[in-house]
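Encoded as structure tokens, the structure appears first; notes follow it.
Rule-based calculations on the coordinates, nothing more; no lab input. What you are looking at is a predicted structure, and each value in this text was computed from that prediction instead of being measured. Quick reminder, even Gly has a Cβ in these numbers, built from the backbone with ideal geometry, and neighbours come from all protein chains shown.
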Amino acid sequence: QLSLFRFTVKRPFSTSHSSVDSKEMKKFQLLAHKWWDEEGEYAALHSMNDIRVPFIRDTLLSMNSNYHLGNPLSGIKILDVGCGGGLLSEPLGRLGASVTGIDPVEDNIRTADRHKSFDPVLAKRIQYKSSSLEEIVEESMETFDVIVASEVVEHVADLETFIKCCSQVLKPEGSLFITTINRTQLSYVLGVVFAEKIMGIVPEGTHEWEKFVPPEELESLLESNGFSVKTVNGMLYNPLLGSWSWMESTSLNYAVHAVKSGATDSPPETDTQQHSATAGTA
Amino acid sequence: VVVSGGGMVGSAMAAVLGHDIHFHDKKIALLEAGPRKEYDHMPDSYSNRVSSISPGSATLLSSCGAWDHVCSLRLKAFRRMQVWDACSEAMIVFEKDDLDDMGYIVENDVIMSALTKQLDAVADRVEVFYRSKAVGYTWPLHSHSCDTSPWVQVELADGRRLQTKLLIGADGHNSVVRKEAEITNIEHQYDQSAVVATLHLSEATDNNVAWQRFLPTGPIALLPLSDTASSLVWSTSHDHASELLTMDEESFVDSINSAFWSNINHSDFIDTAGAIFRSAISLLKPSGTAVRQLPPSVAKVDPESRAMFPLGMGHAAEYVQHRVALIGDAAHRVHPLAGQGVNLGFGDIACLAHHLSAAAFNGSDLGSLKHLLKFETERQRHNVSLIAATDVLKRLYSTTLAPLVLLRTWGLQATNALPPVKVRI
């Protein structure tokens, strides 16, 4: 699959600014039990771990000189938004991080909980919650060192709200990692038509091309909400080998690493204003 | 991770993983049916089970700190290897250009002792269960929404249960892990047994050459242990092997000497043909022929050191399955004529440890087929050709039929003259 199915939870009485899309939720409910079949519907997501885990791991290691190679992410608190069945939470947990995984689909959380329960080490390091990002904001202000939103933002209803919430729960100078799909003609042809309808790499109807996010849009939303974008890398899936690799072009899938600015107690509005003032843009 | 089988290969696997930085937080268990083997210093007499350790294997052993212990205990480096035919004058000499060590003859007990010490050094990560046998394995069901544990359950004879993400089978050519995992094994018993013994040479010598002569009944090899002692590995028919074991010491020594020295199997035809070929080579490539040296003569044999064991060939159709990997003789069994058996096992370890280390650093599930299959592909590619070649050599040299003798005579002479081919070997 070219995309990961994660998205934030829908609150029962949703306001117009919820980032969760109920249609999207239904799509994933049906496949909740298929997460851990490495060769099933989610095979491409499993193999995406081969590049996204090293990306996250190496970026974090390069920012922190005090680590042990046997336990590289020890002491780091990570929020995995739209964690699904826990495909990404588990490797991060194995590398030593304390992971909180949230997903609006209860079945996903149930699957994730059950899968981690067999591993005593992971059972302690990972906590799963069926929740939306907004729902945890109040109780988790500036709690996390890292937020991971892999294959999520192409499914959310309101991207700006999503990013604002990320900023609120992230500590200053914390890292945000996003992987998603670009909105290009190529991504329509390969990502939707080829992957879904022809090859069946992704279950049909998973993606709506209109919701794909171009990196320029994502970058500008991030920068205007207190983030500094550090890295943007294109990703490519090879369906014959079933493996992912990095590529120059971001016309299909891409990954972003952004860091929340260090100014701790300036409210979001002032921040944006200052940013716009210095940047000279309205 | 659970390693089943605490022989040289199993212990080395556990030691290498235990010393791997990415395994710092992982727990490893090693199951060994026998008792703990450790020596502070070796007994005066040499053990009759020795192995030829290649430089690559030595590197692996030093990566987990065991090679230092081996060096401080006992080993013999050799610089040359002469291999020749009983039916002709053909021979091939292997020797490294820079006169470096080609390999080392080390007693198996020495390797075990060194590994035991290194396992002790990482006792916080590696737990060794001596005198423990696994009596039952429960394999994980492949369905993903099951409620039973997705890990491998190992039941020990004393009733204890272990559960693991990855079971490594290092339990020898009759591997229980392999049988329980229902992995097909292609095997073939050779009609040969190997006779081993510790021999004392007639006179002290540098003794840094390994000798092997192909007799029609099988190859006989003399591996140096010290300036005055060598180890014998004589592969021959079952009957002859029993004879060798029961005959008195003097006759035994005589048989060995005559096996190396006698030209009884030569025929004029072959000798002439060989000589012609050799002169042809020396015209084309003057340095391509070498003088055949004679191995040292044997004076006596260590009294209790004679033993025999049957030989066979085996290769598992698969080296890995979900949460299972086979290494060493459990995966492949080979004739000792090439001195490769344990080296293949050490090669397996180097490859598997490399993949597991990378998987651990990626936070992957250690039992996942993805990286296990990479290990399998790499090693099968390497091992199959070597095992097949060894098998072919064994069959080729088991005959006195003139055409085949001629073929192998010329082949050996040609190979001896061609550096590129020799280097590859």
Self-check item: With at most 11 neighbouring Cβ atoms within 10 Å, loop GluC sites (Glu not before Pro) (DSSP) excluded, longest segment of chain B
Solution: B:204-425
Quiz item: Quick one: if the Förster radius is 22 Å, what FRET efficiency do B:F269 and B:Q293 give, using the C-beta to C-beta distance and rounding to 0.05?
Solution: 0.30
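Rounded to the nearest 0.05, what FRET efficiency do A:E223 and B:K27 have when you use their Cβ-Cβ distance and R0 = 35 Å? Let's see the in-between values first.
Numbers: r = 45 Å, r/R0 = 1.30.
E(calc), rounded to 0.05, equals 0.15.
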Practice problem: Starting from the Cα of A:E139, step 7 Å along the direction of its Cβ; do the same at B:F309; then give the gap between the two resulting points in nm. | Solution: 6.2 nm
Self-check item: Surface/4 estimate of mean projected area, convex hull on alpha-carbon atoms of the protein assembly as shown, nm²
Solution: 37.6 nm²
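For a 18 Å ceiling on Cα separation, which of these pairs sit above it: A:K77/A:K171; A:K23/A:K129; B:K26/B:K165? Please report the intermediate quantities before stating the final value.
Numbers: A:K77/A:K171 10 Å; A:K23/A:K129 20 Å; B:K26/B:K165 11 Å.
Check vs 18 Å cut-off fails for A:K23/A:K129.
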Quiz item: Going by how many other beta carbons lie within 10 Å of each one, how would you line up B:L167, A:L221, fewest first?
Solution: A:L221, B:L167
Quiz item: Expressed in nm to one decimal, what extension gain is obtained for the pair B:T228 and B:R161 from 0.36 nm per residue of sequence separation less their Cα-Cα distance?
Solution: 19.2 nm
Quiz item: Roughly how tilted is helix B:268-284, in degrees to the nearest 10 and between 0 and 90, from the longest Cα axis of chain B?
Solution: 80 degrees
Self-check item: Positive dipole terminus of the protein assembly as shown, leading residue within B:N263, A:V156, B:Y137 (C-beta point charges)
Solution: B:N263
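Give me the number: length gained by fully extending B:N257 to B:N108, i.e. 0.36 nm times residue separation minus the C-alpha to C-alpha distance, one decimal in nm.
Length gained, B:N257 through B:N108: 51.1 nm.
What is the magnitude of the charge dipole of segment B:148-242 about its Cα centre, with +1 placed on the Cβ of each Lys and Arg, -1 on the Cβ of each Asp and Glu, and no other charges, expressed in debye to the nearest 20? Provide the component values of the computation, followed by the final result.
Details: 6 positive and 11 negative charges, 78 e Å.
Roughly 380 debye for segment B:148-242.
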Self-check item: Helix axis angle, B:341-361 relative to chain B longest principal axis, alpha carbon, degrees
Solution: 30 degrees
Practice problem: Please find, in a Gaussian network model of chain B (springs between Cα atoms separated by less than 10 Å), the residue of B:T205, B:T217, B:T164 whose mean-square fluctuation is greatest. | Solution: B:T205
Quiz item: Once segment A:22-260 is represented by equal point scatterers at the alpha-carbon sites, with solvent omitted, what log10 I(q)/I(0) does the Debye formula produce at q = 0.11, 0.13, 0.16 Å⁻¹?
Solution: -0.52, -0.76, -1.22
Exercise. With 20 Å bins from zero, work out the P(r) of chain B over every alpha carbon pair and list the percent per bin.
Key: 25, 53, 20, 2
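Among all stretches of chain A without exposed GluC sites (Glu not before Pro) (DSSP loop, at most 12 other Cβ atoms within 10 Å), which one is longest? Please report the intermediate quantities before stating the final value.
Values: sites that count: A:E39, A:E204, A:E248.
The longest such stretch corresponds to A:40-203.
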Exercise. Once you've got the GNM for chain B with C-alpha springs shorter than 10 Å, pick whichever of B:S230, B:S258, B:S63 has the biggest mean-square fluctuation.
Key: B:S258
Quiz item: Across peptide B:362-374, what mean number of C-beta atoms from other chains lies inside 10 Å of a residue's C-beta?
Solution: 4
Exercise. Towards the positive end of the charge dipole of the protein assembly as shown, with charges on Cβ (+1 Lys, Arg; -1 Asp, Glu), say which of B:S62, B:N48, A:G262 has the farthest Cα.
Key: B:N48
Self-check item: DSSP-assigned coil residues among trypsin sites (Lys or Arg not before Pro) in segment B:150-254, each with at most 16 further Cβ atoms within 10 Å
Solution: B:R160
Quiz item: Do any trypsin sites (Lys or Arg not before Pro) in segment B:262-365 lie in a loop, going by DSSP, with at most 13 other beta-carbon atoms within 10 Å of their beta carbon, and if so which?
Solution: B:R292
Self-check item: Estimated dipole of chain B in Debye, rounded to 20 [Cβ of Lys and Arg +1, of Asp and Glu -1, Cα centre]
Solution: 1100 debye
Exercise. At 7 Å along the Cα-to-beta-carbon direction for both A:D58 and B:L396, put a label point, then send me their distance in nm to one decimal.
Key: 4.6 nm
Quiz item: So for segment A:22-260, taking the charge dipole from beta-carbon charges (+1 Lys/Arg, -1 Asp/Glu), which of A:L122, A:I201, A:Y42 sits furthest toward the positive end?
Solution: A:L122
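Please arrange A:H257, B:H41 by how many other C-beta atoms lie within 10 Å of their C-beta, fewest to most. Walk me through the intermediate numbers first.
On the way: A:H257 20, B:H41 9.
Least to most surrounded, the residues fall as B:H41, A:H257.
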Practice problem: Go ahead and collect, in residue order, the members of segment A:106-123 whose backbone nitrogen is under 20 Å from a label point 7 Å along the Cα-Cβ direction of A:N71. | Solution: A:119-123
